[in-house]
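For reference, the structure is listed below as structure tokens.
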Amino acid sequence: MATGALRLVSPAKINLFLSVLRRRPDGAHEIETVFERISLCDEIRLAPLKDGKILLRTDCPGVPDGPSNLAWRAARILQEKYAAKQGVRIGIRKRIPVAAGLGGGSSNAATVLLGLNRLWRLRLSRKELLRLGASLGSDVPFFILESPFAVGRGRGERLRKIKAPRRKLWHCLVKPGFSISTRKAYEGLKKVKLTPPQADVKILLRAIRNGRLERFPKLLVNSLEAVLGKRVIEILKIKKELTRQGAAATLLSGSGSSVFGVFASRAQAIRAARFLGKNKQWRAFAVSTF
Ligand code: ATP
């Protein structure tokens with residue numbers, strides 16, 4: 001590795017709770033969400049460049065290499081705001097499925113902000129990095145927080161850290177053959193009436209803290225499950241298989257298309273991932289709180 005280069009992990013998230021409360025006049029949505037950081041990670045390498053260029057490469061054909069990559073934009077915003085003269089070569093190994101409700105692009109952007117703050121010796125505070133993150137995307141601040149759990153309000157960027165439970169949670173995460181664009185999923189909400197969820201975040205947080213998985217079926221909520229359209233058939237098929245494998249509860253993550261099941265043990269999550277992974281259309285992962 002070149003001298004001064006950094007190798008970093010860039011983790012995914014799932015949402016254990018995602019309630020869309022209302023549409024704002026600016027078109028954005030007010031949400032209440034519970035984020036969980038999980039052990040499925042991309043790898044990011046940052047190597048300093050002297051000439052001020054930002055170069056980015058990924059090993060994933062569907063992900064943009066240049067300025068439309070959120071990680072590239074994160075580096076640019078730091079250069080512009082803080083007149084940083086240095087450049088960077090960014091290499092991203094994608095492991096997190098794309099457009100899957102797992103926040104991969106947002107996490108990559110947060111990792112680049114945190115990493116360049118060190119590499120370029122910018123000495124920015126966490127508060128400043130959170131603010132910059134929010135200007136890149138509403139899921140970015142959660143990854144800047146570097147906390148396993150958080151409650152998000154507003155567009156998801158107003159965060160409160162949650163103390164991690166004694167035991168981490170285990171999941172089997174499944175990405176079907178199709179992807180869902182976050183923008184289109186939220187647009188679909190125009191056709192449905194937004195109703196307040198039956199469950200309550202406070203009660204969910206208590207159940208997480210005490211490992212009361214038997215309470216999860218009533219507490220896991222995702223408003224965006226109501227706007228899946230025809231794709232609901234495949235999502236329900238995955239949920240049914242996860243339940244047959246022993247999942248205590250199942251839910252769509254973010255705007256989808258990934259679905260996860262919550263399992264009582266690592267062994268059960270691994271067994272479920274092996275079983276569901278046999279379906280050639282699906283990618284299955286056993287993951288835990290990270
Ligand atoms: P979110 O829930 O934050 O909307 P997601 O997990 O559903 O995210 P991403 O994997 O972040 O979706 O990708 C969404 C889109 O962003 C893709 O179409 C992709 O081309 C683009 N994109 C830009 N930068 C990245 C990146 N670093 N990694 C993955 N996708 C990126």
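Taken together, the values in this text are just the output of simple stated rules run on the coordinates, not laboratory data. Here the structure is a predicted model, which is why all the values come from computation and not from measurement. All Cβ positions, even for glycine, are placed from backbone atoms using ideal geometry, and neighbour counts span all protein chains on display.
For this structure, a couple of remarks:
- Extents of the stretch 170-288, taken as max minus min of Cα coordinates on every principal axis and listed largest first, are 41, 37, 19 Å.
- Residue exposure proxy: Ile162, Ile180, Ile235, ordered by other Cβ atoms within 10 angstrom of their Cβ from fewest to most, comes out as Ile162, Ile235, Ile180.
- Spatial offset of the stretch 185-221 relative to the stretch 124-174 amounts to 18 Å, using the alpha carbon center of each.
- Put in line by how crowded their Cβ is, counting other Cβ atoms within 10 Å and starting with the fewest, Leu18, Leu159 read Leu159, Leu18.
- Pairs from the list Lys163/Lys237; Lys175/Lys218; Lys94/Lys278 with a Cα-Cα gap above 32 Å: Lys163/Lys237.
- Across q = 0.12, 0.23 Å⁻¹, the stretch 1-60 modelled as identical point scatterers on its alpha-carbon atoms has Debye log10 I(q)/I(0) values of -0.58, -0.95, in the order of the q list.
- Look at the alpha carbon pairs under 8 Å that are at least 6 residues apart: their mean separation over the length of the chain gives a relative contact order of 22 percent.
- Restricting the calculation to Cα atoms, the chain shows an Rg/Rh of 0.97 when the hydrodynamic-style radius is the Kirkwood one.
- Under the criterion of Cα pairs below 8 Å and six or more residues apart, the relative contact order for the stretch 1-73 equals 31 percent.
- Stretch gain in nm, segment Lys161-Ala28, where the contour uses 0.36 nm per residue and the Cα spacing is subtracted: 45.6 nm
- Rounded if a/c under 1.5, otherwise prolate or oblate - the stretch 6-162, Cα gyration tensor axes: prolate
- Ordering Glu157, Glu187 by the number of other Cβ atoms within 10 Å of each residue's own Cβ, fewest first, gives Glu187, Glu157.
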